[in-house]
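Beneath this line is the structure, given in structure tokens, with notes to follow.
Quick note: the coordinates plus some simple rules give every number you see, no bench work behind them. If you're wondering where the values come from, they're calculated on a predicted model, not measured in any experiment. Positions of Cβ are backbone-derived with ideal geometry, glycine not excepted, and every protein chain shown enters the neighbour counts.
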Amino acid sequence: MLPYLVVFGVSAGVTFLATPPVRRLAVRLGWVDRPSDRKVHPRPTPTAGGLAMFLGTAAALGVAGALPALEPLRRASSELEATALAALVVVLVGLVDDVRGLSAAGKLAGQVLAAGLLVLAGVQLLYFYFPGQGVLSLSPDLAVPLTVLWVTAMVNAVNLIDGLDGLAAGMVAIGAVSFFTYLVFGPTAGAEPSSAAVLSAIAAGAALGFLPWNTHPARIFMGDTGSGLLGVLMAAATIAGVGRNPFGPSGGDVAAIAIPVALPLLVLAIPFLDVLLAVVRRMRRGIGIHHADKDHIHHRLMDIGHSHRQAVLLMYLWSALISGCALAVAFIDGRVLVLAIVATAALLAAVLPRLLRDRAPRGSDLPVPRSGERASVDRQAPQAEGAEPVPRSGAARGGTAAG
């Protein structure tokens, strides 16, 4: 357990310390996300904060490679090295998109390249468990496209939920901690160190280290640089953790729906649900699935009267409830108790949004500006550093992602 905590601490600490310098660099170079009709942030804000997260990830991977306790892991596989290379690819692609903008095809090509590097290094789905059918060994014809699909889906899921301050970082942290808990303490946990647990700890650390700078009102956005990085880390962790497991589920017949295949889907249910709804919504409207809009789940929460912070906290709550239910299914061998836990969580998820809703009319979370008041990037980012001031408006905050 101690090596995982060390890796987590390095990832979180380096990310936290590196974010202010990255922010200053972004302001100086003009890497600023400006308000538009499809975004809800009311003033220009530095972006590409994922660079700080990448520094934290690289430092944590370096420490993991030096820890004697993780020596068996380094000898057994190259999963950590492959993930580092794939992460570098998505970070570079994301940085170009944050700074200059990329087409949807260009971003997808970068994601496929990162997934291909993972596949070439052996990080791919090898087994898949179907309840009632047992464990199926996947041929290369199925393993490769399924792995690429999983990686691209994970990257885009994180990208699409990056629509409110702190939302993506917080939800990835919840998912990573939940998956880590399953890997280390679950029924399939082994005595040997796990690369999936290392990657989950790194993802959680990078997300939590960045979160203090990204909570509302955000000082910096992670951009596609950060969402792509977190997506690749979680994709590699889930593939290494469950896609290479040749053993079937254990712990009872109820747990069979969650161990080992469905658990990452349940832990990351909210991002994937948002992706599915976005695709269906855009297809019904006859527009491209990459077309951005303001109809995501977090936007709907604000539309019905929740403040910015309330919407983010509710999304955290939903993610935590679903993750908790997934872990309950995995750990508890008792159908009645598990069903009671799931039913209670579903009731809380349905009732709390209405109880917590602020019914007062609101145009944004910001106070009404005084006459002549203008906003710059923030009080610590003067206009001379490249952030053009814009008037405060009643627009709601809209996120950094193209979703």
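Just grab the label-to-label distance for D141 and L113, each label 7 Å out from Cα along the Cβ direction, in nm (one decimal).
Label at D141, label at L113, 3.0 nm between them.
Check D33: other-chain or 5+ apart residues with amide H under 5 Å from its amide H, H built from backbone geometry?
Here T45, T47 satisfy the definition.
Please give the contour-minus-distance gain from R309 to T215: 0.36 nm per residue of separation, less the Cα-Cα distance, rounded to one decimal in nm.
Working: separation 94, 0.36 × 94 = 33.84 nm, distance 0.86 nm.
Extra length from R309 to T215 when fully extended: 33.0 nm.
Mind ordering 94-107, 166-179, 18-31, 149-162 by average Cβ neighbours within 10 Å, highest first?
Numbers: 94-107: 17.1, 166-179: 27.0, 18-31: 19.1, 149-162: 25.4.
Listed from highest to lowest mean packing, they are 166-179, 149-162, 18-31, 94-107.
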